[in-house]
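The structure appears below as structure tokens.
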Amino acid sequence: MLVVYNTLRRRKVRFKTIEDGKVRMYVCGPTVYDSSHLGHARSIVAFDLIRRYLEFKGYEIRYIQNFTDIDDKMIKRAQEQGVTTAELASKYIKEYFEDFDQLFVKRATIYPIATEHISEMVETIQQLVEKDYAYEVNGSVYFRVAKFHKYSKLSGRKLKTEQQDAEPDEAASEKEQPEDFALWKAMKPDEPFWDSPWGKGRPGWHIECSVMSMKYLGDSIDIHGGGLDLVFPHHTNEIAQAEALTGKPFVRYWMHNGFLTVDKEKMSKSLGNFFTIQEITQKFDPEVVRLFLVSSHYRSPVDFSDKQLEEAKARLSRIHNSIDILQRRLREALEAESIAPTKPSPIDEELWQALQKFQEEFEGAMDDDFNSPIALANLSQFLSHLNSTLAGSESVTAGTLKEISMTLDAYGEILGLYRKRMGQEITRGDSSVVEGLIELLIAIREEMRTREDWATSDQIRSRLKKLGIIIEDSPTGPIWKWE
């Protein structure tokens, strides 16, 4: 049973989706005014891991991650560089994909960009005004926080004047209450603007995510993720806007990742203590960086240092070595069994039992709020056992080794690690190599059927189906095709 920590409930709860077998998931993306840093990677990789494990569990994921391309920081940086905010956004969105592709982050279903949804934001704000949840002053529109009685249910904070949104000081005097936040900001000189019923201006930050989430995922979604710093005010304000508008629960599970820190301080551009992904990946392989990030539980703080990355590098090297040994032994076993069949030995039985225990422990850890550090510890323990077993025995069948390889392949897909070691660089385009490997696996399956080893035969067929390869047994032998 999968359980997740829900910030809204402040405890772990059983995971149950709104629609059986499907997950609607929204993760707050970056404001694209500068290069992505390792703090961004902490969040993006954390939710990529969560998304991957949910897919492994069989869920169909609709994953939305936005880009914020209009706010005070965007405007200031564009003015400093003498470019438009659109040009600035285009540059850093392109760089974003370059950075996170190399960290093996799966692409979202859709990447909505804030300024491409202004009309929907204006319409939403109009509806909130009509419902008396918002009011206009001097061309700006503010959300009336006091009217939304469950405003503090996510953050737990009381409505006091010390709660400040990121509004300019000059706006405080025109708001009904200090905690009211901007849905629409009246135009200032030399700033980008759009037309609205209240005059020229631009949207506030919080309305962007509410609108884009509801447009692409509906009024209620399963998971909304982001950094712990977004609980207040951003996610708190998202709830207020969305639920005031629809009267429905906005999000079933609020999930937040811990900070990445440097000397115990949050890594951020405002503090100047950040390292860009480009800087880090010039010193360390991207796979090392990914291992460093998934080695900590997504809700825990992670303190950055070169020492930590060096330790991740050494750990990854051990994992690679173990997989290389396994793959070599599998090739040797396949070659040997193509000449003469090999019967399972007590070593095979022992490895099957060890593999089953590893599977239970790995998936048990991930079922417990995506506990990747425990899952990785189980992986290391199993690989150590596998190494010592293979070193002391020459009599392990290809079927056993193949099952171990397929399990490691599936778990590597979850973790986003050792993909090239498992042959993931081979694509359908490499037709001669792919077809040769498929024919080899089908031949192994036929051998297993001859031995009446139906379990291994069915495993091969099932795993090939997951890769999009269908096997049809005919009177003249098996026939395979792409699904």
Relative to the longest principal axis of the chain, what angle (0 to 90°, nearest 10) does the C-alpha long axis of helix 38-56 take? 50 degrees
Which cross-chain or sequence-distant (5 or more) residues have an amide H under 5 Å from the amide H of ALA134, H modelled 1.01 Å from N in plane? VAL129, ARG144
Would you please give the residues with an amide H less than 5 Å from that of THR31, counting only those at least 5 places away or on a separate chain, with H modeled from the backbone geometry? THR68
Using the 10 angstrom Cβ neighbour count as an exposure proxy, how do MET74, MET1 rank, fewest first? MET1, MET74
Taking the Cα centre as origin and putting +1 on Lys and Arg beta-carbons and -1 on Asp and Glu beta-carbons, what dipole magnitude results for the chain, to the nearest 20 debye? 900 debye
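As an exercise, use a Förster radius of 25 Å and the Cβ-Cβ distance of LYS150 and GLU123 to find the FRET efficiency, rounded to the nearest 0.05.
0.55
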Taking the dipole about the Cα centre of the chain, with the C-beta of Lys and Arg at +1 and of Asp and Glu at -1, give me whichever of ILE319, VAL251, GLY156 is farthest to the positive side. GLY156
Label-point separation in nm, MET406 to ASP219, each point 7 Å along Cα→Cβ: 4.5 nm
Restricting the count to DSSP beta bridges whose residues both fall in the chain, what percent are antiparallel, rounded to a multiple of 5? 55 percent
From the backbone phi of segment 451-464, what are the Karplus-calculated ³J(HN,Hα) couplings (6.51 cos²θ - 1.76 cosθ + 1.60, θ = phi - 60°) in whole Hz, Gly and Pro given as x? 7, 6, 8, 5, 4, 5, 4, 5, 4, 5, 4, 5, 5, 5
To the nearest 10 degrees, how steeply does helix 306-339 sit against the main Cα axis of the chain, on a 0 to 90 scale? 40 degrees
Working out 0.36 nm times the residue gap between GLN282 and SER462, then minus their Cα-Cα distance, what length gain in nm do you get to one decimal? 60.8 nm
Taking the Cα centre of each part, how many Å lie between segment 374-406 and segment 212-254? 44 Å
Relative contact order [Cα under 8 Å, 6+ residues apart], the chain, whole percent: 16 percent
Return one number: the angle in degrees, 0 to 90 and rounded to the nearest 10, between the long axis of the Cα atoms of helix 205-217 and the longest principal axis of the Cα atoms of the chain. 50 degrees
Calculated semi-axes √(5λ) of the Cα gyration tensor in Å (choose from (i) 50, 23, 21; (ii) 35, 31, 23; (iii) 31, 29, 23), label: (i)
Test of understanding: what is the full-extension gain from SER338 to ASP229, defined as 0.36 nm times their sequence separation minus their Cα-Cα distance? 33.4 nm
Could you sort the peptides 359-366, 339-346, 217-224 by per-residue average Cβ neighbour count (10 Å cutoff), highest mean leading? 217-224, 359-366, 339-346
Distance between modelled label sites at VAL137 and GLU311, nm, 7 Å Cα→Cβ extension: 5.1 nm
Excluding same-chain pairs closer than 8 in sequence, count the lysine pairs in segment 1-78 whose Cα atoms lie under 25 Å apart. 4
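Throughout, read-outs are computed from the coordinates displayed, never taken from laboratory work. From a predicted model like this one, the values you see are computed outputs, not experimental measurements. Here Cβ is always computed from backbone atoms with ideal geometry, including for glycine, and neighbour counts include all displayed protein chains.
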